[in-house]
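Trainee: Sharing a structure, written as structure tokens. Questions coming.
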Amino acid sequence: MSDNILLKARNLHVTFKTRRPGAMPWGKSLALRAVNGVDFDLKAGETLGIVGESGCGKSTLARAVVRLVPATGRVVWGNGVDLLSLSAKEMLRYRSQIQLIFQDPLASLDPRMQVGDIIAEPLITHNKTMSRVEVRKYVRDMMARVGLLPDQISRYPHEFSGGQCQRIAIARALIVRPKLIICDEPVSALDVSIRAQAINLLRELQREFGLSIMFITHDLSVARYISTRLIVLYLGRIMEIAPSDALYKRPHHPYTQALLRSVPIPDPDIERNKKTAPLIGELPSPLHPPSGCVFRTRCPRARPLCAQKRPVLAAVTAGTEEHRVACHFPGPEPQG
Amino acid sequence: MALLEVRDLNVFFQTNLGPVFAVRGIGFDLDRGETLAIIGESGSGKSQAVFAIMGLLDANGWCQGEVRFDGANILNAPSKILNPIRANRMAIIFQDPTTSLNPYMRISEQMAEVLTLHKGFSKREALARSIAMLDAVKIPDAKSCLNRYPHEVSGGMRQRIMIAMALLCHPDILIADEPTTALDVTIQAQIMTLLRELQHDFGMGVILITHDMGVVAGAAERMIVMYGGQVMEEGPTDAIFKDATHPYTRALLASIPRTDQPKEDLRSIPGDPPDMMWAEEGCPFAPRCDFATTGCRRSAIALKPFAPNRLRACNRPIAEVQ
């Protein structure tokens, strides 16, 4: 198997310095480990979903890859270059290859710029030789491609609906023909009837442009629909990583199982006959993560070993690295 | 006669750009022990309908129709009449627990205030009852929680506190306006289970306002589907999920990705939700509907019964078109 790997993250750490609430500015600072030793590979053309509850570090992980937050470890691009070791100027070359789409479409567009200028901006930044006429033509083509009317090129963001604004953001990301798009909760702010449009558009464009996507979401149903593989994060650590189908059919980590159980299913027969109780408790403070396995405080399978030793991410079945889980007592849920 | 009877409720807003007809003729009955879900996307009028019932519309809004609580019409009633009802018999919890709690007051003060004001309890008794209610919503170590400020507890805890406050006077009806939208799925599951248990213990009627079909499926016996300020379909939850005949309900159900099914092609609804500023006469869903005719766009469509307990506003329901 010679998978074409676009991006490799190894031992990625992001640590923020913070203080206790109400502490004086000269007081002792605390280290908040938002991302704590994460390894993953991103293959060309695939969609890697990153799921977890709020505060698990999924957005920070994505931002670390494009150096929007300082990170340590290695993020190796397909050609062997470590993005984290580049100077800002060298990094610029790779920035056009990686584009971002954020959650709030209206907030991520400058309200005082015309849509045409918003979409053209990355193109002008990364391609200084292009003529204005050419840029305009590119922008119009891209607008048509994402389902906007090219005649609306001179309008302002507030004249568009939420779904259309997200299309503008997608057009802006794609105009420089990136290899990788990082989507940070791109459909969470959209209504259900618009959400499906945006997801389908992303999938079409992915096929057409051969994009790789890192898709960050808290919505496990959207994640299943769009992802080829998934990472389940909890307190900055990977709990489970697996191909989408395997993860949803036979999750091995008790946290993944609890997460999936919590998602309400739009079918009264299934939803009312759920017998298992929801996960107890809440996410512990990332300032004081539990010893050993970070999930043990809420885990139904926790035993003394879990407090002493941190489980490593290991293959579920020996020999295949595709499905890996970090748990001392992994395994599918007991039936009944 | 039901405890709460809503008939032909209309809500309007006066804005800088002109009047907005936010809710057109919604109606339902609710008794103690029942759960009714109102589902719709943003701007569908689902929240404004219950705000009108509770007398909580913004200053630029007004409403018409009939809302009978225990036989008396309370729509547009003065605060003097509404306040005792809102205090003791109908309570509401909102989507964002952070902005519904006063950040300057300790939780103990906010909770006790409800009881000293409405029930005339002494401070000490009010605090004792507050602790009992925090226990009922399963807050660990209720006593120390009382002494905190809202920012010192997590989002899930804040929503539990909101629920506890709403239940302090043992209301007959609890309105929950998107109670779990701001919360993570694991916490959402906890809160929905809690609401179910509390409803069982206290026997209150619940109006659940949400945009999440999954939440409706697990919680409500009856549901109302709203779009563009109008009721599209109303009926028992089971019947609507099994056999949705309104094109909007059907399309909505088909456009939700599910965790329990392998991925197929997700059907999306073309177009955008209606701009309520320029609402037209006809069916609000007509511009996005696969089955719409010119007649659908031209004249308003009445909500009519078509099966036992079921109502629908559609000229071209799916069963008949096929």
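The values are calculated or read from the model by the stated rules, or taken from the named source; none is laboratory data. This is a predicted model, so every value here is computed, not measured. Positions of Cβ are backbone-derived with ideal geometry, glycine not excepted, and every protein chain shown enters the neighbour counts. Each accessible area value is taken on the protein alone, full model and side chains, heavy atoms only, with ligands, DNA and RNA left out. Shrake-Rupley method; radii C 1.70, N 1.55, O 1.52, S 1.80 Å.
Trainee: Going by a ≥ b ≥ c, the root eigenvalues of the Cα gyration tensor, does the stretch B:19-71 fall in the rounded group (a/c under 1.5), the prolate group (a/b larger than b/c) or the oblate group?
Mentor: On the way: a/c = 2.10, a/b = 1.36, b/c = 1.54.
It comes out oblate by the Cα gyration axes.
Trainee: From Cα coordinates alone, what are the radius of gyration and Dmax values for the protein assembly as shown in angstrom?
Mentor: Radius of gyration, then largest Cα-Cα span, for the protein assembly as shown: 26.3, 77 Å.
Trainee: Right, next: Take the Cα atoms of the stretch B:79-180, build their convex hull, and give its volume per residue in Å³. Present the calculation step by step, with values, prior to reporting the outcome.
Mentor: On the way: hull volume 9.8 nm³, N = 102.
Enclosed volume per residue, from the Cα hull, is 96 Å³.
Trainee: Next question. Comparing the chain by itself with all protein chains present, which residues of the stretch B:201-236 are at least 20 Å² less accessible (probe 1.4 Å)?
Mentor: B:H211, B:G214, B:A217, B:G218
Trainee: Continuing with this model, one more query. Counting only other chains, what is the mean number of Cβ atoms within 10 angstrom of the Cβ of each residue in peptide A:253-266?
Mentor: Numbers: counts 0, 0, 1, 0, 0, 3, 5, 3, 4, 9, 8, 15, 9, 14.
The mean count of partner-chain Cβ atoms within 10 Å per residue comes to 5.
Trainee: Oh, and also: Would you calculate, for chain A, the mean residue ellipticity at 222 nm contributed by helices, counting each DSSP H stretch of 4 or more residues as -39,500 (n - 2.57) and dividing by all residues, to the nearest 500? Spell out each step's value before the answer.
Mentor: Numbers: 11 runs with 105 residues, N = 336.
Helices in chain A give a 222 nm mean residue ellipticity of -9000 deg cm²/dmol.
Trainee: Moving to a separate point now. Who wins for biggest fluctuation among A:V316, A:V192, A:V176 in a Gaussian network model of chain A, springs between alpha carbons below 10 Å?
Mentor: A:V192
Trainee: Can I ask one more? Summing +1 for each Lys or Arg and -1 for each Asp or Glu, what net charge is found among the other residues whose Cβ lies under 9 Å from the Cβ of B:Q95? Let's see the in-between values first.
Mentor: Numbers: positive: none; negative: B:D96, B:D177, B:E178.
Value of the local net charge: -3.
Trainee: Tell me the angle of helix B:185-202 to the major Cα principal axis of chain B, expressed in degrees between 0 and 90 and rounded to the nearest ten.
Mentor: Orientation of helix B:185-202: about 70 degrees from the principal axis.
Trainee: Could you provide, to the nearest whole Å², the per residue accessible area of the stretch A:198-336 with probe 1.4 Å?
Mentor: Working: 5960 Å² over 139 residues.
Per-residue value: 43 Å².
Trainee: For the stretch A:153-312, which semi-axes, largest first and in whole Å, follow from the square roots of 5 times the eigenvalues of its Cα gyration tensor?
Mentor: Working: eigenvalues 241, 74, 47 Å².
Its equivalent ellipsoid spans semi-axes of 35, 19, 15 Å.
Trainee: What number comes out for accessible area per residue over the stretch A:22-71 if the probe is 1.4 Å? Units Å², please. Write down the numbers at each step before the final one.
Mentor: Values: 1980 Å² over 50 residues.
About 40 Å² of surface per residue is accessible.
Trainee: I would also like to ask the following. Per residue, how large is the accessible surface of chain B? Use a 1.4 angstrom probe and give square angstrom.
Mentor: 43 Å²
Trainee: Okay, moving on. Given the options A:L12, A:A71, A:A23, identify the residue whose Cα lies farthest towards the positive end of the charge dipole of the stretch A:1-76 (+1 on Cβ of Lys, Arg; -1 on Cβ of Asp, Glu).
Mentor: Positive-end residue among those listed: A:A23.
Trainee: Answer rounded, prolate or oblate for the stretch A:91-223, using the Cα gyration tensor with square roots of eigenvalues a ≥ b ≥ c: rounded when a/c is under 1.5, else prolate when a/b is larger than b/c, else oblate. Walk me through the numbers on the way to the answer.
Mentor: Working: a/c = 1.75, a/b = 1.26, b/c = 1.39.
Note, shape of the stretch A:91-223 comes out oblate.
Trainee: Taking only Cα atoms, what is the 0 to 90° angle, nearest 10, from helix B:107-118's long axis to the longest principal axis of chain B?
Mentor: 80 degrees
Trainee: For the protein assembly as shown, give the share of DSSP beta bridges that are antiparallel, in percent and rounded to the nearest 5; count only bridges with both residues there.
Mentor: Here the share of antiparallel DSSP bridges comes out near 60 percent.
Trainee: Then there's this: Could you compute how much accessible surface A:D184 exposes when probed at 1.4 Å, giving the result in Å² to the nearest 10?
Mentor: We get 10 Å² for A:D184.
Trainee: Moving to a separate point now. Helix A:115-126 sits at what angle to the longest principal axis of chain A, using alpha carbons and giving 0 to 90 degrees rounded to 10?
Mentor: 80 degrees
Trainee: Rounded to the nearest 500 deg cm²/dmol, what is the calculated helix-only ellipticity per residue at 222 nm for chain B, with -39500 (n - 2.57) per DSSP H run of length n ≥ 4?
Mentor: Working: 13 runs with 115 residues, N = 322.
Roughly -10000 deg cm²/dmol at 222 nm, from the helical runs in chain B.
Trainee: Which value in Å is the Kirkwood Rh of chain B over different Cα pairs?
Mentor: Working: mean 1/r = 0.0478 Å⁻¹.
Taking the inverse mean of 1/r over all distinct Cα pairs, chain B comes out at 20.9 Å.
Trainee: Any of A:K249/B:K143; A:K28/B:K138; A:K275/B:K304; A:K249/A:K309 with alpha carbons more than 31 Å apart? Name them for me. Spell out each step's value before the answer.
Mentor: Details: A:K249/B:K143 43 Å; A:K28/B:K138 35 Å; A:K275/B:K304 37 Å; A:K249/A:K309 28 Å.
A:K249/B:K143; A:K28/B:K138; A:K275/B:K304, as the Cα separations exceed 31 Å there.
Trainee: A further question follows. Please list the radius of gyration and Dmax for the stretch A:1-112, considering alpha-carbon atoms only, with Å as the unit.
Mentor: My reading of the Cα-based Rg and Dmax gives 16.4, 56 Å.
Trainee: Which whole-Hz ³J(HN,Hα) couplings does the stretch A:280-294 yield from phi under the Karplus relation 6.51 cos²θ - 1.76 cosθ + 1.60, θ = phi - 60°, glycine and proline marked x?
Mentor: 7, x, 10, 4, x, 5, x, 6, 10, x, x, 6, x, 6, 5
Trainee: Let me ask something additional. Under the classification rounded if a/c is under 1.5, otherwise prolate if a/b is larger than b/c and oblate if not, where does the stretch A:59-150 fall, given a ≥ b ≥ c as square roots of the Cα gyration tensor eigenvalues? Could you put the intermediate results ahead of the total?
Mentor: On the way: a/c = 2.49, a/b = 1.66, b/c = 1.50.
It is prolate, given that a/c is not under 1.5 and a/b is the larger ratio.
Trainee: Got a number for carbon plus sulfur as a percent of the stretch A:152-300's accessible area, 1.4 Å probe?
Mentor: Numbers: 2420 of 4810 Å².
Looking at the stretch A:152-300 in its full context, I get 50 percent from C and S.
Trainee: Hey, how much of the P(r) for the stretch B:1-103 falls beyond 19 Å, as a percent of Cα pairs?
Mentor: Numbers: 2455 of 5253 pairs.
Considering the stretch B:1-103, 47 percent of its Cα-Cα pairs are separated by more than 19 Å.
Trainee: For a quick check, take a GNM of chain A with Cα springs below 10 Å and name the residue from A:A326, A:A171, A:A107 with the largest mean-square fluctuation.
Mentor: A:A107
Trainee: Among B:A307, B:A91, B:A37, whose mean-square fluctuation peaks in a Gaussian network model of chain B (Cα, cutoff 10 Å)?
Mentor: B:A307
Trainee: Also, I was wondering about something else. Convex hull over the alpha-carbon atoms of chain A: what's its volume per residue in Å³?
Mentor: Numbers: hull volume 59.0 nm³, N = 336.
That works out to 176 Å³ per residue.
Trainee: Oh, and also: Could you state how much accessible area is buried at the B-A interface, both sides summed, with a 1.4 Å probe, in Å² to the nearest 100? Don't skip to the end; give the middle numbers.
Mentor: Working: alone 15760 and 17390 Å², together 29500 Å².
Chains B and A together bury approximately 3700 Å².
Trainee: Would you list the P(r) distribution for the stretch B:129-229, with all Cα-Cα distances sorted into 10 Å bins from 0 and each bin expressed as a whole %?
Mentor: 14, 47, 31, 7, 1
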